[in-house]
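Everything on this sheet refers to the single structure shown next.
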2 protein chains.
Amino acid sequence: MVVFIFEQPFGCIMIERRDIFQAISDPTRRVIIHKLAQGPLNIAQIVEDFDMSRQAIAKHIKVLKECGMISITQQGREQVCEAKIDQLDEVVDWVTKSRTLWNQRFEKLDQFLQNSK
Amino acid sequence: MVVFIFEQPFGCIMIERRDIFQAISDPTRRVIIHKLAQGPLNIAQIVEDFDMSRQAIAKHIKVLKECGMISITQQGREQVCEAKIDQLDEVVDWVTKSRTLWNQRFEKLDQFLQNSK
DNA sequence: TATTTGTACAACCAAATGGTTGTGTTTATA
DNA sequence: TATAAACACAACCATTTGGTTGTACAAATA
């Protein structure tokens, strides 16, 4: 779990927050996200495809919600879950940053070789 | 942890495998990956920037290795770690798949609206 | 109205996670 | 050669994770 520490006038407040990387770290949750990417579903509909108890899935749903990966709206007795796919941009951004650093590594090597001529 | 079950002639073999999503799920490991993306480092050099024991970092290094996210080569008494950035493609592929499903969702809605005319 | 459906909440559990400290070994270096 | 550096291995610990079962309740439905 990520812990952010914000400096405050009267001291430090620590806020624990689940992040998107945690949301997609579990294979079951990744399947749930793919299902919801195709359209909103209630919890019972999500459970259908899994060989797992409703409560286990409900816990995953809870995690996904806390990570901001899905939104939930009440419709009668149903809890309709909708994926917030845009949130995955953060993951791609991080990977892109990694790749950029990686590529710059070779540029530096090239510069070194250029200077060595 | 992911468990893959492969059907075999003489029954089932279950193989436990850490995956790349687990590698990047921890914020400390993400920082380590970014550091290594800029060039190979030994464990002591990685530890330098963290307010954490060497052993804790060594455990993260172990996880990253098991996930195939880094390779380690022995150089004298040093363990030199190198990032395998290409492995992150799997993450991007998964996100891309999610986005594709998401976009198809709207295409289906469009088709529905077209047919309703 | 009686029953089924969709869900929440709580207790419980084993295993994994993310950290610690302590000890020992090999490899450089003063 | 003595010491320091880089590391491995093990034991330990608290918390989190990912699952279970049981109970209860409100909303549809027969």
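Computed from backbone phi, the HN-Hα couplings of segment B:27-43 come to x, 4, 5, 5, 5, 4, 4, 4, 5, 6, 5, 8, x, x, 9, 8, 4 Hz, rounded to whole numbers (Karplus: 6.51 cos²θ - 1.76 cosθ + 1.60, θ = phi - 60°; Gly and Pro given as x). Rounded to the nearest 20, the size of the Cβ-charge dipole of segment B:24-73 about its Cα centre is 140 debye, with Lys and Arg at +1 and Asp and Glu at -1.
Round to the nearest 0.05 the FRET efficiency obtained for A:E82 and B:D51 when R0 = 25 Å and r is the Cβ-Cβ distance.
0.05
In this structure, the amide hydrogen of B:Q79, modeled 1.01 Å from its nitrogen in the peptide plane, lies closer than 5 angstrom to those of B:I43, counting only residues at least 5 positions away or on a different chain.
Note on B:V31 and A:I72: their simple-model spin labels are 3.3 nm apart, each label 7 Å out from Cα toward Cβ. For segment A:36-89, the set of trypsin sites (Lys or Arg not before Pro) satisfying both a DSSP loop assignment and a count of at most 10 other C-beta atoms within 10 Å is given as A:R77. Among the residues of A:82-88, the average count of other protein chain beta-carbon atoms within 10 Å of the residue beta-carbon is 3. Simple point charges give the picture: +1 on the Cβ of Lys and Arg, -1 on the Cβ of Asp and Glu, and for segment A:19-117 a dipole about the Cα centre of about 240 debye. With the simple model of a label 7 Å out from the Cα in the direction of the Cβ, A:E90 to B:D89 spans 2.7 nm.
Test of understanding: ordering A:F50, A:F106, A:F21 by Cβ neighbours within 10 Å, fewest first, what list do you get?
With the sparsest Cβ surroundings first, the list reads A:F106, A:F50, A:F21.
Across the identical copies, the 7 Å label point of A:H34, projected outward along Cα→Cβ, sits 3.0 nm from its counterparts, in ascending order. Counting 0.36 nm for each residue step from A:F106 to A:A58 and taking away their Cα separation leaves a gain of 12.7 nm.
Laboratory data are not the source of any read-out in this text; all were calculated from the coordinates shown. None of these values were measured; they are calculated from a predicted model. Here the Cβ is made from the backbone with ideal geometry for all residues, glycine too, and neighbour counts use every protein chain on show.
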